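Engineer: Pasting a structure below so you can have a look.
FYI, it's all coordinate maths here, none of it is from the lab. Note that the structure is a prediction, hence the values are computed from the model and not measured. A quick note on method: Cβ atoms are made from the backbone with ideal geometry, for glycine too, and the neighbour counts reach across all protein chains shown.
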Amino acid sequence: MQQPSWILWLAEAGGIDKASIRDAKKRAAGHDKNQTRTKEMRVTLSWARIAGQLEQIPSRKHLTEYHTTTGLGGKEPTKNKQERNSSSAASDSYSRYVETYEVEITPAHNTLQKRFECFLSRDGATELKPNVDGVDLRYQDETKGTILVEIKPCERASARYAIRTAIGQLLDYEQRVKKHASLLIVVGTKPLEEDRLLATSNGFGIAYPAKGLFEVLWPTLRTR
C-alpha cells in the first residue's frame, strides 16, 4: 500500500496516539513520491503496530451488525426513502469531514491552535502545554483549574461532526489524566446554536474565532 492517507486512516481507526500520527506526518512532509512518503511514515507507523491496534477493535461480525443496525452499511433497517436518504447524507457528510480534517495533513489545525494559544496567553491562562500525551492543548485557568482542549478546524457545515468527534476524544483524555478537568472544544468557525448546545448541554465548553479573538462558552451547570 503506497497511499499515505490510507496509512493515517488505519492508524487513527486503530487508536494509535496522535503524537505518533503527527510524527509520521512530519516524516512524510517534503517528499513528493507516495512510495517515499509511506516508507518514512512506516518508521513510526509500522505495519506490525497498526495490525496490533486493529486486532483490538471488535470483531468483523460485531461491526457488521452495528453498521446494519445504524444504517452505515449492509442492509438498511429504515422503512422509507426519506429515512434512507437522511441516514446516507449524514454518513457521507461525516466521511467527508473525517477525510478532510482528521486524516489529511492540514495546516489549518496548527494555525487554529497557535491562534488560540496566543489568545490564552493574552487572557491570563498559565502552564500552556501543547501536544502532550495526545492532547492538543492543556492549560491552567484561575477559576476552572486544568482545562483540556481539542482543536477542530472545520467549516460551519461540518461543525457538528467536529464537535461529536471531539467529545469522545476529550472524555478519553480526561480518563487518561486521571483527574478532574474542564473540557473545551475549539472549532474553526461559529457553529449553529444547536451545534453549540451539543457541547454545552453535555458539560463541554466550546470556543470559536470572533472579531480577531475567541468567543468561549461554558455550560452554566456541569451536566456530565
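Engineer: Using packing as a proxy for protection, rank 183-189, 212-218, 136-142 so that the peptide with the highest average count of other Cβ atoms within 10 Å comes first. Working shown, then result.
Structural biologist: Working: 183-189: 24.0, 212-218: 14.3, 136-142: 17.6.
The packing order, highest mean first, is 183-189, 136-142, 212-218.
Engineer: Sticking with this structure for a sec: Say the dipole of segment 4-54 comes from +1 at the beta carbon of Lys and Arg and -1 at that of Asp and Glu; which of 16, 52, 38 then lies farthest toward its positive end?
Structural biologist: With unit charges placed on the Cβ atoms, the residue in question is 38.
Engineer: List the residues, sorted by chain then number, that are 5 or more residues from residue 137 or on another chain and whose placed amide H is less than 5 Å from its amide H.
Structural biologist: 131, 149
Engineer: Would you mind ranking 38, 126 by Cβ crowding within 10 Å, fewest neighbours first? All intermediate terms of the calculation are to be shown ahead of the outcome.
Structural biologist: Working: 38 20, 126 10.
Listed from fewest to most nearby Cβ atoms, that is 126, 38.
Engineer: To continue, here is another question. Can you work out ³J(HN,Hα) from phi for every residue in segment 22-35, in order, using Karplus 6.51 cos²θ - 1.76 cosθ + 1.60 and θ = phi - 60°, giving whole Hz and x for Gly and Pro?
Structural biologist: Along segment 22-35, the couplings run 5, 4, 5, 4, 5, 5, 7, 4, x, 9, 8, 7, 4, 4 Hz.
Engineer: Considering only 170, 192, 180, whose Cα is most displaced toward the positive end of the charge dipole of segment 163-203, charges sitting on Cβ of Lys, Arg (+1) and Asp, Glu (-1)?
Structural biologist: 180
Engineer: A follow-up question, please. Which order do 9, 47 fall in if you start with the one that has the fewest other Cβ atoms within 10 Å?
Structural biologist: With the fewest neighbours first, 9, 47 line up as 47, 9.
Engineer: Taking 30 Å as R0, compute the FRET efficiency from the Cβ-Cβ separation of residue 29 and residue 180 and round it to 0.05.
Structural biologist: So the FRET efficiency works out to roughly 0.20.
Engineer: From the phi of every residue in segment 187-197, what ³J(HN,Hα) in whole Hz does the Karplus formula 6.51 cos²θ - 1.76 cosθ + 1.60 yield, where θ is phi - 60° and glycine or proline is x?
Structural biologist: Here the 3J(HN,Hα) series is 10, x, 8, 5, x, 4, 4, 5, 6, 4, 5 Hz.
Engineer: Averaging the inverse of every distinct alpha carbon separation and then flipping it gives the Kirkwood radius. What is it for segment 4-54, in angstrom units? Write down the numbers at each step before the final one.
Structural biologist: Values: mean 1/r = 0.0948 Å⁻¹.
That comes to 10.6 Å for segment 4-54.
Engineer: How large is the charge dipole for segment 107-217, taken about the Cα centre, if only the Cβ atoms of Lys, Arg (+1) and Asp, Glu (-1) carry charge, to the nearest 20 debye? Mind showing how you got there, number by number?
Structural biologist: Numbers: 16 positive and 15 negative charges, 23 e Å.
So the dipole magnitude of segment 107-217 works out to roughly 120 debye.
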